[in-house]
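All remarks here apply to the structure that follows.
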Amino acid sequence: MKHLNTMRFLGLVMALLTCFQISAMAAGFQVYLPSSRATAMGNLGVGLRPDASSIYVNPGAMALMENNQIMMGFNFIEAKVKFYSSQVENSNYVADSDNPTGTPFHVYAVWGPKEAKWKVGLGMYTPYGSRVNWGDEWRGRFLLTGIRLQAIYVQPTFSYAFSEKFSIGAGLIGMFGNVDLKRVIDTSSDLPPTTINLVGDADFAFGFNVGLYWAISEKWQLGASYRSQVDATLSGGDVSFENVPNSLSSLLTDNKFSSTIPLPSSANLALNLTPDENWEVGVEVNYIGWSAYKSLDFDFEDENPVIQDSESPRNYEDSWVFHLGAEYDFGKVQLRAGGYYDLTPVQDGYMTPETPDSDRIAFTGGIGYSLGDFLQFDLAFLFIAGQEREQLTSVAQSVGTYPSATNSTYAVEPGTYKMRAYIPGVTITYKF
């Protein structure tokens with residue numbers, strides 16, 4: 001029993017930090033929703049005509065805004081994951097996640113004197129977050145039954161225009177957030193099941209965001225930006241248990257945990273075409289520095305034969321995202337559409353049930369409405385289809401994430417996963 005619980009608890013350790021990394025960030029579930037206009041155009045942004053969301057997507061463009069702006073908006077995320085027990089012959093077992101609705105938000109304010117070459121801005125947005133609920137009956141309940149995670153960025157920004165065609169900018173990123181994870185512990189005989197809950201607040205951390213914007217000609221614009229890696233540290237998080245059997249009461253006691261995880265850098269390049277005053281078409285490429293995530297380390301304040309510090313390799317790969325989008329402006333009404341293709345950074349053998357990661361394709365669309373010269377309403381809809389992906393037992397054993405004759409680690413649940421996400425959003429902009 002002691003060996004079994006040790007294995008299960010170390011599995012929880014890996015599940016928790018994989019959750020924080022995959023669920024909170026890029027392909028697993030990066031909440032890249034800078035504004036409804038950008039989202040509707042295939043999640044473009046770096047090379048678009050500047051607006052207040054340039055704080056997030058390209059600080060270098062901010063100084064070339066035609067006016068000052070206050071922009072605010074939010075999205076509703078309905079994400080579902082389906083699990084098939086493809087590793088068991090003739091099995092018809094299927095599990096569906098029942099995830100609560102996520103509500104990421106964005107707020108930006110940009111100001112500068114009318115004739116000045118500079119602008120200052122402040123943004124607050126939620127680039128990472130996830131809510132996943134598998135319930136306590138599904139096959140992978142010893143890895144995860146539910147998670148709630150949120151990361152919030154606050155970014156003061158400055159941008160300067162050297163001319164009417166070229167500007168640069170930079171912002172200081174401050175990050176804070178929290179995580180709440182639950183799972184079932186396999187004690188073989190307990191009714192109701194023994195559960196564990198880990199709750200932690202990330203320490204305030206810093207990064208930076210820089211960019212440039214160049215109107216090459218009346219028709220062509222080039223944008224480039226770079227967001228730095230931010231190290232997210234969880235220190236002094238709370239570990240608690242429910243329905244603990246008497247046989248384990250001396251080991252499964254309240255505890256503290258800590259860990260540091262790199263949130264990867266992003267290098268972004270975009271080219272936009274504005275053939276006339278009505279059309280805007282853009283392409284964009286993002287290079288995400290996922291290879292910074294090499295190992296998963298976890299420290300407990302109090303160790304015992306069940307609760308022990310752990311270290312596990314993750315070996316993520318750098319990945320690419322490719323975007324395409326367009327807008328046509330009728331005057332008061334703007335129509336938008338686009339899409340993107342997101343390559344997973346997760347290698348075979350490391351796919352976990354928190355938000356099973358695979359290559360994904362997304363389709364976007366939306367509409368804008370200008371109410372005079374001072375108010376803008378934008379609506380967007382984003383559909384994400386994750387490629388169906390199988391986690392093979394043999395591959396997971398070969399990389400050390402599933403129990404074998406020489407390894408007791410349990411970090412993945414073999415089977416086939418399929419993800420779909422439906423994300424409507426709204427943004428309101430006041431211009432002055």
Original post:
Which residue, ASN43, ASN246, ASN278, tops the fluctuation ranking in a GNM of the chain built on C-alpha contacts under 10 Å?
Top reply: ASN246
Subject >> Taking the stretch 329-385 and dividing mean pair separation by its residue count, relative contact order in percent (alpha carbons under 8 Å, at least six apart) >> reply: 37
Original post:
How do MET351, MET62, MET71, MET419 line up, fewest other C-beta atoms within 10 Å first?
Top reply: MET419, MET71, MET351, MET62
Subject >> GNM result for the chain, Cα springs below 10 Å: residue of VAL184, VAL395, VAL120 fluctuating most strongly >> reply: VAL395
Subject >> Highest-MSF residue in the chain out of PRO34, PRO356, PRO403 [GNM, Cα springs under 10 Å] >> reply: PRO403
**OP:** Among the trypsin sites (Lys or Arg not before Pro) in the stretch 30-123, which ones are in a DSSP loop with at most 14 other Cβ atoms within 10 Å of the Cβ? Mind listing them?
**Re:** LYS114
Original post:
Hey, what angle do you get for helix 2-18 against the long axis of the chain, alpha-carbon based, 0 to 90 degrees rounded to 10?
Top reply: 0
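Before anything else, pin down the relative contact order of the stretch 295-377: Cα pairs under 8 Å, at least 6 apart, normalised by residue count, whole percent.
In percent, rounded to a whole number, it is 24.
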**OP:** Output the relative contact order of the stretch 2-431, whole-number percent, from Cα pairs under 8 angstrom with separation of 6+ residues.
**Re:** 20
Subject >> the stretch 49-118: GluC sites (Glu not before Pro) in DSSP coil with no more than 13 other Cβ atoms inside 10 Å >> reply: GLU66, GLU89, GLU115
**OP:** Treat every Asp and Glu Cβ in the stretch 2-431 as -1 and every Lys and Arg Cβ as +1, leave all other atoms uncharged, and give the resulting dipole magnitude about the Cα centre to the nearest 20 debye.
**Re:** 740
Subject >> Listed candidates [x] 140; [y] 245; [z] 125 - label of the one calculated as volume of the Cα convex hull per residue in Å³ >> reply: [z]
**OP:** Find, among the trypsin sites (Lys or Arg not before Pro) in the stretch 123-181, those assigned to loop by DSSP (not H, G, I, E, B) with at most 14 other beta-carbon atoms within 10 angstrom.
**Re:** LYS165
Original post:
Rounded to the nearest 500, what is the chain's calculated 222 nm mean residue ellipticity when only DSSP H runs of at least 4 contribute -39500 (n - 2.57) each, over all residues?
Top reply: -2000 deg cm²/dmol
Original post:
Using the Karplus equation 6.51 cos²θ - 1.76 cosθ + 1.60 (θ = phi - 60°), what ³J(HN,Hα) coupling, rounded to whole Hz, does each residue of the stretch 236-241 give in order, writing x for Gly and Pro?
Top reply: x, x, 9, 10, 9, 10
Subject >> Listed residue (VAL132, THR145, LEU198) projecting farthest to the positive dipole end of the stretch 130-201, Cβ model >> reply: VAL132
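Read-outs: derived from the displayed coordinates by stated rules, not from any lab. Every value quoted in this text rests on a predicted model; they were computed, and no experiment measured them. Glycine also receives a Cβ, built like all others from the backbone with ideal geometry; neighbour counts cover every protein chain displayed.
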